[in-house]
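Accompanying notes for the structure given below.
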Amino acid sequence: FGNLLSFIFFAIYLEARLGALLFVGVYFLTGTAGLFINALFLEEGIYLLGASANVLGVVGAFYILFFKHYFKMYFAVGLTPIPKVLCFSKTFLIRMKFAVPVFFVLGDVSGLVNPQGSVAHLAHIGGFVTGVLFSLIVIRQEKVKWPFIYPSEFLDYNTIQGYTDRTEKLEGFSRLLR
């Protein structure tokens, strides 16, 4: 269930940033790389099943492409998911550059140190690292600069900069900020 939620959260934004074709490419490339890295250390007769290397690859790509951005996180501890009913909950903003490493270290690096269960932590790490490397290549080739997230925003901004009429320019920027 956690993989599905992570995939939905990160994939929506990553696909909008990369486009459908590159997104499918990063998904399959990172999953395949993660499985190969894990297979190097598997004992004979052990099989891998799942897409968690793909999901962590998407997270790795997202981490680099949205490195400077914030996201809202909901944290709850208690007996019910309903705020203030036998539960303590808090919503806060966290920077991507801090959030992903904390969760990654807690989940997968700690799993390598103290392996329990049947989780393929090496596949997760392989997928994540491949996603990071993929995004570093993409960033060098694209022209999107901070604070823009998507290429279309950057193109719209450059178009609006060329407007000479002040009213037209203000309307263009207000559309961009929506």
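The values are calculated or read from the model by the stated rules, or taken from the named source; none is laboratory data. Since the model is a prediction, treat every value here as computed from it, not as a measurement. All Cβ positions, glycine included, derive from the backbone under ideal geometry; neighbour counts span all protein chains shown. Please note that ligands, DNA and RNA were not included when accessible areas were found on the heavy atoms of the full protein model with its side chains. Shrake-Rupley method; radii C 1.70, N 1.55, O 1.52, S 1.80 Å.
Observations on the model:
- Single residue of PHE41, PHE62 found to be at pLDDT below 90 and of a type in the set (A, V, I, L, M, F, W, C): PHE41
- Inter-residue pairs, beta-carbon under 6 Å, first surrounded by 13 or more Cβ atoms within 10 Å (Cβ to Cβ) and part of a loop (DSSP other than H, G, I, E, B) and in the stretch 131-159, second modelled with pLDDT under 80 and aromatic (Phe, Trp, Tyr), 6+ apart: VAL144/PHE154; PHE148/PHE154
- Take the conditions (1) open to solvent by 30 Å² or more (accessible area, probe 1.4 Å); (2) among the aliphatic types (A, V, I, L, M); (3) not in a strand (DSSP E or B); ALA33 misses just one of them, which is (1).
- Residue in the stretch 5-12 that is of a type outside the set (Lys, Arg), closer than 15 Å to PHE103 by Cβ and either loosely packed, with under 13 Cβ neighbours inside 10 Å or touching a strand residue (DSSP E or B) at 6+ places or on another chain (Cβ under 6 Å) (or both) present: yes
- Test result for PHE9, assigned to a helix (DSSP H, G or I) and free of Cβ contacts under 8 Å to residues at least 24 places away in the same chain: yes
- For GLY126, the conditions (1) small (Gly, Ala, Ser); (2) under 23 Å from GLY34 (Cα atoms); (3) modelled with pLDDT under 80 are fulfilled apart from (3).
- Top-ranked residue in the stretch 7-38 [being among the hydroxyl-bearing types (Ser, Thr, Tyr) and modelled with pLDDT of 90 or more; ranked as farthest from SER118 (Cα to Cα)]: TYR27
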